[in-house]
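Engineer: The structure that follows is given in the form of structure tokens.
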Amino acid sequence: METMLNIEYLTSQDGEAIAVVIPIALWRQLLPDEESSLEKLGEAVEDYCLNKAMNEAVNTP
């Protein structure tokens, strides 16, 4: 079962992606505390993706 995330991309007038908007609940899942860093964010995104892939593998016949 695939979960749809409400992620939006902001673009410049030229159509170039310049930013990403994610739900605050997902943001808080990735960075649960105020003291965060790019390294922590990278690790959190990697963990999130690995967990999502493992959950999908479990649900695949």
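Engineer: At q = 0.14, 0.15, 0.25, 0.28 Å⁻¹, what is the base-10 log of I(q)/I(0) for the chain according to the Debye formula with one equal point scatterer per Cα and no solvent? Please give it to two decimals.
Structural biologist: Those come out to -0.55, -0.63, -1.10, -1.16, one per q.
Engineer: What is the magnitude of the charge dipole of the chain about its Cα centre, with +1 placed on the Cβ of each Lys and Arg, -1 on the Cβ of each Asp and Glu, and no other charges, expressed in debye to the nearest 20?
Structural biologist: For this selection, approximately 220 debye.
Engineer: Moving on to the next point. Percent relative contact order of the chain, based on C-alpha pairs within less than 8 angstrom and at least six residues apart?
Structural biologist: The normalised contact order for the chain reaches 25 percent.
Engineer: Restricting attention to the range 7-54, which GluC sites (Glu not before Pro) occupy a DSSP loop and are surrounded by at most 11 other Cβ atoms within 10 Å?
Structural biologist: Those satisfying the criteria are Glu16, Glu34, Glu35.
Engineer: Something else now. Taking Cα atoms, how many degrees apart are the long axis of helix 38-58 and the longest axis of the chain, rounded to 10 and kept between 0 and 90?
Structural biologist: 40
Rule-based calculations on the coordinates, nothing more; no lab input. Since the structure is predicted, the reported quantities are computational estimates derived from the model, not experimental observations. Quick reminder, even Gly has a Cβ in these numbers, built from the backbone with ideal geometry, and neighbours come from all protein chains shown.
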